[in-house]
Structures are given as C-alpha cells and as structure tokens.
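Written out below as structure tokens is the structure these notes cover.
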Amino acid sequence: MGTIIPRNTCRQPWFNRLDLSLRNRIPVRRGQYAELSFDFFNVLNGIKSEWGRYQSVSTARRNLMVPASYDANGETIRYDLTDNFGDNTPLGANLLLQFSMQLGVRYVF
C-alpha cells in the first residue's frame, strides 16, 4: 500500500495448448497429386474439457479499489475494496479457445 509495484511482478498463469497438423500427398497422374490436410486446434481441450483453457485475471478483477462516489466539497473520491481482486477466471468461451478441426484438399497439376 502506498508504493508502486515493480515492473514484471505480476505474472499470468501458464497456458497449455496443442495444435496438430497432418498432411498426406496422394499421387493421381504423372506430376499431379492431391494433398489432404487435417488440422486440429487445441487438441488438449478435445481430450478433456478442463485442459487447454486459458485462465487469467480479467480486466474487471485487476482493480483492488473501485471508485464509489465523489465528494464535490472536499474534491475527493471515495473508493470501495473489491471482493474478487486477482481471481482467475476462464477467458471467454469462443471457438478459438475450444477444440476444433478442419479438413483441406488441394490438387496440384
């Protein structure tokens, strides 16, 4: 309290993510081939839903105190302490953070 926190003091937790890409060339004619590609994103989350999730301290939970009111006469701001300061929460639930896969086909002639 009352001092500035040194740089690089607060760290985010480790994030485990594994992406996998498989490719195979299939000869069709002389000098021509088809290439199949399978891309898997966040494979760990596909194995177990608790894995491959990004847990972090969200912006709303990084403030120890939040402004509650303003005293115009004294020109001061009254602050309240928060209950959830520094709590880890899952960062979103969008498709980029879940297991997904794509299939690609390329024909070279």
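The values are calculated or read from the model by the stated rules, or taken from the named source; none is laboratory data. These numbers come from a predicted model, not from an experiment. Every residue, glycine among them, receives a Cβ derived from its backbone with ideal geometry; neighbour counts consider all protein chains shown.
Data table
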| read-out | value |
| --- | --- |
| Residue within the range 62-75 that is surrounded by 12 or more Cβ atoms within 10 Å (Cβ to Cβ), assigned to a loop (DSSP other than H, G, I, E, B) and at pLDDT 80 or above present | no |
| Flag if residue 54 is out of contact with any Lys or Arg (no Cβ under 6 Å at 6 or more places or on another chain) and either β-branched (Val, Ile, Thr) or free of Cβ contacts under 8 Å to residues at least 24 places away in the same chain (or both) | no |
| Those residues of the range 33-61 which are exposed (fewer than 14 other Cβ atoms within 10 Å of the Cβ), under 25 Å from residue 14 (Cβ atoms) and acidic (Asp, Glu), in sequence order | 50 |
| Yes/no for residue 86 being closer than 30 Å to residue 11 by Cα and either at pLDDT 75 or above or in contact with a Cys (Cβ under 7 Å, 6 or more places away or on another chain) (or both) | no |
| Test: residue in the range 20-36 that is more than 20 Å from the chain's Cα centre (by Cα) and not in a strand (DSSP E or B) | yes |
| Unmet requirement for residue 3, which otherwise passes all of (1) under 23 Å from residue 86 (Cα atoms); (2) in the same structural domain as residue 98 (by TED's automatic domain parsing) | (2) |
| Subset of the range 37-83 that is farther than 28 Å from residue 22 by Cα and small (Gly, Ala, Ser) - its residue that is farthest from the chain's Cα centre (by Cα) | 74 |
| Pair list, Cβ < 9 Å and 6+ apart or interchain, from the range 16-30 residues that are of a type in the set (Gly, Ala, Ser) to residues that are surrounded by 10 or more Cβ atoms within 10 Å (Cβ to Cβ) | 21/37; 21/38; 21/39; 21/40 |
